[in-house]
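Please read the structure below before turning to the comments.
The values are calculated or read from the model by the stated rules, or taken from the named source; none is laboratory data. Bear in mind the structure is a predicted one, so any value in this text is a computation, not a measurement. Neighbour counts are summed over all protein chains in view; Cβ atoms, including those assigned to glycine, are modelled from backbone coordinates with ideal geometry. Ligands, DNA and RNA are stripped out before the accessible areas are found, and what is left, the full protein with its side chains, is counted by its heavy atoms. Shrake-Rupley method; radii C 1.70, N 1.55, O 1.52, S 1.80 Å.
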Amino acid sequence: MSTEQITAPGAPSPSGETAARPGPRTGANAGRRPRSLTTRRAWSFYVFAGPWVLGFLALTAFPLGYALWLSLTNADGLSNNSRFVGLENYREVLTDPETMSSLARTGVFVALTVPLSIAAGLLLAVLVNQPIRARGLFRTLLYLPAVVPPVGAALTFKLIFDRDSGAANGVLDALRIDGVSWLMDPYARWVLVTLTLWGAGNTMIISLAGLQDIPKELHEAARMDGANAWQSFTKITVPMLSPVLFFQVITGIIAAVQSFLPLLISLDPTPRGVTSVPEGNYLFMIHVFAQYFANGRYGYASAMLWVLFLIIIAITFLVFRLSKGAVFYSVDPEPTKQSRPRTIGDK
Amino acid sequence: MSTTTSLDRRRFLAVSAGTALAATGLSACAGSVDNGTNDSGSGKTTLTVMTVENEWDKKGLKAAEEALGMNLNVIIWDATKLNAMLAAKNPPDVVRGFGATETPYFAARDLMTDLDPYFSKSSVLKPSDLDPVNDVWRYDGKKQGAGPRYGMAKDYSQDSMFWYRTDLFQTAKLDAPSATEPISYDEWLDLGKKLVKRRLGKVKVYGLNATGMGVFPQLMGMTASAGGSLFTEDLATVDFSSPEALKALRWYLEYAKADIGPSVVNPNPDGWDGPTYQANRMAMSCNGYWFGGLIGADPKLAGVSRFAPAPQLGGNRVSSCFGATGFWIPRDAKNKDAAWKFFEWYFGGKPAQDRAASGWGIPSLKSLRPKMPQTNAFQKQAFAVQEQELPHFSVLSFTPYAQQAALEGVLNKVLPGAVKSGTSAGKVADQLNSRMNEQLAQGKELVG
C-alpha cells in the first residue's frame, strides 16, 4: 500500500511534505477512476450515514420546515382560506397571558421534578448498590414502575386518586379524615409530581451504571485516609458521577419541558378533555395540544412549538455553560490541538 | 477539471434531500393506496371505516364483510387522527360523527359529500322514511336543518331527558318525577340536592348529573327552553348575556357550586354516567333514551330505573338532540359508491333492525320505530315517555366556526374559577362572550 493511498489529501506525508492530490492517470489506467482508501472510506461513511440522513430529512427537517411555514399562517388544517400572517403568531405567543402562564408553570414543574427525580434515582442507586441479600430483586422491583407505559401509570394514578372511589381517600376515610379532590387544584400538581417521581427507576438505572464505573480503589484509599461515608460520597462519588448526573439534567429538562403526563392523568384524554386539565397541571404542551386539536389553530400551535424549541436550545446551552468546572471528566471530552490524536501518516 | 472520485458532500446532501422528499411523497401515495380503492389480491373493494373501538368484534366484522361483499379496514375513531387525515386529503371512506355538533363545521369547510343524489336513487334509504332527526346532518351554508344531507344518524335521543332510580327516591322519601309533565330546572336541582349522599367530604351518591353530552349543548338547550338562543342568528357569535342564557348560566353555576354531581369543577372520573349509575352511585342521570340500552341489559337496574321528560327552564318546551351519532362520507373519500353501499346496509339493513330492537337509541328510520323494545315494564314506561317527548324535538343550530371541544374548553377554563370565587353570572357571561367570540371570529375568517 503506497503512502499516497493512506494519507488524506492535504495531510502531511511521512516525509513531512503535504501529499498532493492524485493527478490524471495515463496509459493503461487512463479514464479509470482511482479507488483510494480515502474514497472507499468516504463511500462507507455515506452509505452508513445515508439512512440516517434520509430519515432526518424526511422525519425531522421536513416536518420542522413545514411547521415553521404553518407558524407563519393562520391555518386550521381544514379550511382553504388560511393566509400568511407573518410573525403575528409569535407576537401572540409572547403576549398571550394563558400561553405565558402555561410556560411559567412548566418552568416550575421542571425546576421541581428534574432535581427531585435525579436525587431520588441517585438515592435508590446508592441503596441497591450496597452488598445486600436479594439485591437483584430490589433493583428489579424499583425499576419496575419505569417499565410501566406512561398511559398505564397515569390510569393507575387516576384510579388511586379519584375523589369518591380512590384508594388514597379510602385510606383517609379509614383514618376518619375528610377526603380530598386529589385530581383537582391545588392537589393535582402534587399528584403529577408524584407520578413523575414514581418513574425514578430510569434515573436509578443510569446512576447505578455510573456508580459501578467508579474504581473501588478510590473509596478504599479515602477510607484509609480517614474519610467517613458522607465525605466519601460527596468528595468521590458525586464528582465521579457528575458526567452521568449532567446527562440526566439535560435529558431530564428536555423530557420535563415536553411532558404530556397531565393529559394522560386527566379525565378524558381527547381534544375535548384536554381543556378539563386542572389549571395547576395545565403545562405548555397541554396548551399546545389544546390549540392544535381543540381550537384548530395549527398556525398558532406551530409557533408555540417553535418557541419551545428555541427555549430548549437556550436552556441546554445555558446548562452546558454553567456546568463548566462542575462536571468532572476522566477523559477530556474536548482534546486540545496538542493532545488531539494523530491522523494516519502522522509520526 | 478534477477527476477525484470522492463524493461531494453538498451533492450527497442535495441527493439525500431529494430522495427524502421523494420518499415522503411515496409514503403519501402508499398511504392513499392503503386507505384507498381496491384490496390487493382478492379483487374486493376495501372500505376504510373510522368508527369506535367496540363497533364490531371479530365475528361481527367478518359478518359485516360477508354481507357487504367488501373488506372493511377499521380505523379507531380519534379526533386528532381524523383532522390529520382530512388535512392530508386522505380521509377514511366513512367516518363516525356527531351530526348535531359537527355537521356545520365540516360542511362549511367543504369536507363532506353531498348525499342527496344517493338518497334520491336509493330504494333502501328513502327520504320519506327518514326521521326528522336526520336534519341535524343538513347544512345550507347558513343554518343547520336545511340544505343538502351530509350524513345520517344511526339512532338518536333527546338528550336533556333523564333517568332516575326509584330505589334512591324511595330511600329519600321523595315522589318520583312525572312521566308526562316536565319539571322545572329549579325543581330538578332541588331533587338533586335532596338525593345526594355525602360522607366525610366525599360524595358517596351523586344526586344528579345535569349534563350527559357536554355542558355547552346543555346550556344551548336550556336557553332555548327559556325562549332564547345561545348563538346569534348568523351563528358567528354567542351571547351569554341575554336574559335567557344568563338564566341557564346562573342555574349551572348553582348546580356546580352545590357539588351534587359531576361538573366542570369535579368531573366524573368514569367519563360517562354508565358505571356510576349502575353502581348505585347516581340517582338521576341526564341522558336520553339510548341510556336505556345499558339499563335494559341489567334486570336489577331495569327494575329500579325510570325515564322522565326533559326539564324546562321556561315556557318554551324544547327537547333537543345533541348527538345524532351516525356516519358521513368525506368529500375526498376514495370509495364513495362503496361507502353508500355501507350506508344502505348499516342504516337500513339488519344492523339497523338489530339496533332498533336493542333499546340503544331511537331508530333514525320511521319504519323501524315499531321495533323499539316494549316487552317488560321498564321498556314500556321508557317507550311511552319517549313517544310523548317526540313532538317537542327541535334542531338547535350549531356554529360552523368552532368545534364543540373549543367552546367546552372555554367553559372549562372560566367556570371552575367562577364557581370557587362566587363570581356573578353576569361577569362570567362577559368572560365567556369575550373568549368564545374571539375564537368564533378566527374561525369565521377561515371559513369566509
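In this structure, the amide hydrogen of B:Ile75, modeled 1.01 Å from its nitrogen in the peptide plane, lies closer than 5 angstrom to those of B:Val49, B:Met50, B:Thr51, counting only residues at least 5 positions away or on a different chain.
Mean separation of Cα pairs under 8 Å and 6+ residues apart, divided by the residue count of chain B: what relative contact order is that in percent? Before the final figure, lay out the partial values.
Working: 806 pairs, mean separation 104.7, N = 448.
That works out to 23 percent.
Between A:Ile250 and B:Leu61, the simple spin-label model (points 7 angstrom out along Cα→Cβ) gives 4.4 nm. With R₀ fixed at 22 Å, the C-beta to C-beta distance from A:Arg223 to A:Phe328 puts the FRET efficiency at about 0.60.
Using just its DSSP H runs of length 4 or more, each adding -39500 (n - 2.57), chain B gives a mean residue ellipticity at 222 nm of -13500 deg cm²/dmol after division by all residues.
The distance linking the range B:237-270 with the range A:85-150 is 36 Å (Cα centroid to Cα centroid, whole angstrom). Counted by Cβ distance under 12 Å from B:Ala357, the other residues give a net charge of +2, where Lys and Arg count +1 and Asp and Glu count -1.
Work out how much length A:Ala61 to A:Phe233 would gain on full extension: take 0.36 nm times their residue separation and subtract the Cα-Cα distance, in nm to one decimal. List each step's numbers first, then the result.
Details: separation 172, 0.36 × 172 = 61.92 nm, distance 4.40 nm.
Using 0.36 nm per residue and subtracting the Cα-Cα distance, I get 57.5 nm.
Summing charges over all other residues whose Cβ lies under 12 Å from the Cβ of B:Asn280, with Lys and Arg as +1 and Asp and Glu as -1, gives +3.
Scale the Cα Rg of the protein assembly as shown by the rule-of-thumb value 2.2 N^0.38 Å and send over the ratio, two decimals.
On the way: Rg = 32.5 Å, N = 795, 2.2 N^0.38 = 27.8 Å.
Working it through for the protein assembly as shown, the quotient is 1.17.
From the alpha carbon centroid of the range B:393-430 to that of the range A:180-223 is 42 Å. Build a GNM of chain B with springs between Cα atoms under 10 Å apart, and of B:Pro309, B:Pro267, B:Pro400 the one that fluctuates most is B:Pro267. The charge dipole of chain B, taken about its Cα centre with unit charges on the Cβ atoms of Lys, Arg (+1), Asp and Glu (-1) only, comes to about 900 debye.
Can you give me the % of accessible surface on the protein assembly as shown that is carbon or sulfur? Probe 1.4 Å, all protein chains present, nothing else counted.
Roughly 60 percent of what the probe reaches on the protein assembly as shown is carbon or sulfur.
Buried on complex formation within the range A:278-294 (loss of at least 40 square angstrom of accessible surface versus the isolated chain, 1.4 Å probe, ligands and nucleic acids ignored): A:Phe293, A:Ala294. In this structure, B:Asp354 and A:Ala167 have a Cβ-Cβ separation that, at R0 = 35 Å, corresponds to a calculated FRET efficiency of about 0.30. Each principal axis of the Cα cloud of chain B was evaluated for its coordinate range; sorted largest first, these ranges are 98, 50, 44 Å. Peptide A:54-64 shows a mean partner chain C-beta count of 4 within 10 Å per residue C-beta.
Could you provide, to the nearest whole Å², the per residue accessible area of chain B with probe 1.4 Å?
Working: 17960 Å² over 448 residues.
With the other protein chains kept in place, chain B gives 40 Å² per residue.
Across the protein chains, with a 1.4 Å probe defining accessible surface, the residues A:Ile177, A:Ile250 rank A:Ile177, A:Ile250 from largest area downward. Stretching the chain fully between A:Asn81 and A:Leu144 yields a gain of 17.6 nm (0.36 nm per residue, less the alpha carbon separation).
Among residues other than A:Ala229 with Cβ under 15 Å from its Cβ, the summed charge is +1 (Lys and Arg +1, Asp and Glu -1). Measuring with a 1.4 angstrom probe and ignoring ligands and nucleic acids, A:Met204 comes out at about 0 Å² accessible.
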